[in-house]
Amino acid sequence: MSDPHARLQDMPLLPEEAADLLHIPVEQLLADAYRGDIPGVCLGGQWRFSRRRLQRLVTAA
């Protein structure tokens, strides 16, 4: 059986959730993601972010 906590770690974050995790405004998050400074993917005009990858940014800072 898979670990439910691990599944939560793999769920993509909405921009508001990602910005909250990084403690930055959503507008800054989206601008940084568009430039490639923050890892994210835009599919059909909707940005999504990996919690694991963002947490690595937080711990590296």
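Just a few scattered comments:
- Within the shell of other residues whose beta carbon sits under 14 angstrom from the beta carbon of A19, the net charge comes to -4, with Lys and Arg scored +1 and Asp and Glu -1.
- Between the residues Y34, Q46, T59, the greatest Cα displacement towards the positive end of the dipole of the chain, with unit charges on the Cβ of Lys, Arg, Asp and Glu, is found for T59.
- Cut-off under 5 Å, modelled amide H: who pairs with S50 long-range: L13
- A 1.4 Å probe run over the protein chains yields, for segment 7-50, 67 Å² of accessible area per residue, whole-number rounding.
- For I38, the residues whose amide H sits under 5 Å from its own are A33, ignoring neighbours fewer than 5 places away on the same chain, with H placed 1.01 Å from N.
- Sum of side-chain charges, V58 neighbourhood, beta-carbon under 13 Å (Lys, Arg +1; Asp, Glu -1): +3
- Assigned charges on the beta-carbon of Lys, Arg, Asp, Glu; the chain dipole about Cα centre (debye): 240 debye
- In order along segment 28-43, phi translates into HN-Hα couplings of 5, 4, 5, 5, 5, 5, 4, 6, x, 6, 10, x, x, 9, 10, 10 Hz, rounded to whole numbers, per the Karplus curve 6.51 cos²θ - 1.76 cosθ + 1.60 with θ = phi - 60° and x for Gly and Pro.
- Cβ-defined net charge surrounding L30, 15 Å radius [Lys, Arg +1; Asp, Glu -1]: -4
- Relative contact order of the chain, taken over Cα pairs closer than 8 Å and 6 or more residues apart, is 39 percent.
- Values (1) 4.9; (2) 6.0; (3) 4.7 are given for comparison; mean projected area of the Cα convex hull in nm², derived from the coordinates here, is the one labelled (3).
The values are calculated or read from the model by the stated rules, or taken from the named source; none is laboratory data. Source: prediction; values computed, not measured. Glycine also receives a Cβ, built like all others from the backbone with ideal geometry; neighbour counts cover every protein chain displayed. For the accessible areas, the whole protein counts, side chains as well, though only heavy atoms, and no ligand, DNA or RNA atoms are used. Shrake-Rupley method; radii C 1.70, N 1.55, O 1.52, S 1.80 Å.
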